[in-house]
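Below: one structure, written as structure tokens.
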Amino acid sequence: MNRKAKTALVLALVVVVAMAFRVSWNALRDVARAIGADGTAATLYPFVVDGLMALALVAALVLTDEARRFALRVLAAYTLASLVLNYVHGLLPELHAESIDWTRLADWDPANWALVLLATSLPVGSIYFGSDLVAKVLHHKPPIEPATQESTQTTVNRSTPEQGEPTVELPEPKREVDSSTPVPIEAIEAPALFVAAVESPRPRRATGRVPAAARSTRPVRTDAELLGEARSLTESWPIEKLTGEGIRKALRTSPAKARVVREALKAERERDTAAAVAG
């Protein structure tokens, strides 16, 4: 529902409530005159009853839990009281006269006493219940949603390594090497090693030195050193045997570096072949 439709619905509700209040106001005013209220008091009497109903309805929309149930009980009680007084007004023709003096609300004495007690107690009840509802609304604090509270508490309780997960980068697409363009040694770049993010407990502190037997004795070779070794090892190889797996086994290196070296060797072979044909 759009904004204009909602506004029209609210305005229609206000109009209906205003007309209903005007009808009820006539009956409650006549009942107030019948129990001895003067002209001013009888005019204000409907605001005491129906006005508290509106106040209880607003409080029920704001309050929660037990306070909301209390507001609904007040709303139900005053709605029932207004209904009874309107019903009595419809049964007694004497209350419809223009000048109404003190009169009985029922022929049976116990019923008359009960109706008079009801009509006279509503203003006092409006003072008590209205003040209580306003106090509850003013002191009401909206509860924190459990989902928001749990999310905030979880974020605070998480340790620093758990709060941020490392970003896993995707490898760049492999570029094809043009056979007519020589590939310099500097252009050979070691492919990046990507480590998947796994959930693991906090690293344990080392309790001592790593023994010498467990250390790697093989030095880390650079790209230029790998290419130089590959030239000497594959000098007698035909170009068909220059495969990534063969170079990897010969150099004892990783498959990624073996592929890079293979492309460089093939490019050099093709360049030498082209130079020999041109000469």
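So, in the stretch 78-92, how many residues would count as being crowded, with 19+ Cβ neighbours inside 10 Å and closer than 19 Å to Met53 by Cα? The qualifying residues number 4.
Here Leu61 fits the description: open to solvent by 50 Å² or more (accessible area, probe 1.4 Å) and assigned to a helix (DSSP H, G or I). Taken over the stretch 30-52, the criterion of being farther than 17 Å from Leu80 by Cα and open to solvent by 30 Å² or more (accessible area, probe 1.4 Å) is satisfied by Arg33, Ile35, Gly36, Ala37, Asp38, Gly39, Thr40, Ala41, Thr43, Leu44. On the stretch given as the stretch 226-268, residues that are of a type outside the set (Lys, Arg), open to solvent by 60 Å² or more (accessible area, probe 1.4 Å) and part of a helix (DSSP H, G or I) total 7.
A residue that is touching a Pro at 6+ places or on another chain (Cβ under 9 Å) and of a type in the set (S, T, N, Q) occurs nowhere in the stretch 1-9.
For the stretch 101-130, filtered to residues that are among the small types (Gly, Ala, Ser) and under 29 Å from Leu55 (Cα atoms), the residue that is nearest to the chain's Cα centre (by Cα) is Gly130. Per the listing Val16, Val10, the residue uniquely part of a helix (DSSP H, G or I) and within 30 Å of Leu115 (Cβ to Cβ) is Val16.
Only one of the numbered conditions (1) open to solvent by less than 100 Å² (accessible area, probe 1.4 Å); (2) free of Cβ contacts under 8 Å to residues at least 60 places away in the same chain is not met by Leu95, and that is (2). Residues in the stretch 107-123 that are over 21 Å from Ser24 (Cβ atoms) and in a helix (DSSP H, G or I): Asp109, Pro110, Ala111, Asn112, Trp113.
When Val116, Val74 are checked against the criterion of being among the hydrophobic types (A, V, I, L, M, F, W, C), out of contact with any Cys (no Cβ under 9 Å at 6 or more places or on another chain) and open to solvent by less than 40 Å² (accessible area, probe 1.4 Å), a single residue qualifies: Val74.
The values are calculated or read from the model by the stated rules, or taken from the named source; none is laboratory data. Bear in mind the structure is a predicted one, so any value in this text is a computation, not a measurement. All Cβ positions, even for glycine, are placed from backbone atoms using ideal geometry, and neighbour counts span all protein chains on display. Remember, those area values only see protein heavy atoms, side chains included, never the ligands or the DNA or RNA. Shrake-Rupley method; radii C 1.70, N 1.55, O 1.52, S 1.80 Å.
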